[in-house]
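Take a look at the structure set out below.
Any read-out appearing in this document is the output of simple, stated calculations on the displayed coordinates, not a laboratory observation. Quick caveat, the model's predicted, so the values are computed rather than measured. In this analysis, Cβ positions are derived from the backbone assuming ideal geometry, glycine residues included, and neighbour counts consider all displayed protein chains.
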């Protein structure tokens, strides 16, 4: 997965984050090609579904939290 794909998925997540917080707080979102694929109760379920629907490693997962977490320099390490 390329950096541009990750950024596209994150932008899609941010666009629906408020809606997801209202109904899926604490769950995990799966995103692919700038689209929300689904929400899942655990990271394991999210990754299993992402692999099945999008191909191994061809998706992003994002925990649905009340406030975003700032990863600082770790975000660049993850995207590299």
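For the stretch 1-18, the set of residues classified as part of a helix (DSSP H, G or I) and touching a helix residue (DSSP H, G or I) at 6+ places or on another chain (Cβ under 9 Å) consists of 3, 6, 7, 13, listed by residue number.
For residues that are in contact (Cβ under 8 Å) with a residue 40 or more places away in the chain and not in a helix (DSSP H, G or I), tally how many sit in the stretch 19-67.
Residues that pass the stated criteria total 9.
Within the stretch 2-18, the set of residues being under 15 Å from residue 54 (Cβ atoms), free of Cβ contacts under 8 Å to residues at least 60 places away in the same chain and surrounded by 15 or more Cβ atoms within 10 Å (Cβ to Cβ) comprises 5, 8, 9, 12, 13.
Considered as a group, the residues in the stretch 22-45 that are surrounded by 14 or more Cβ atoms within 10 Å (Cβ to Cβ) and farther than 10 Å from residue 63 by Cα include one that is farthest from the chain's Cα centre (by Cα), and that residue is 45.
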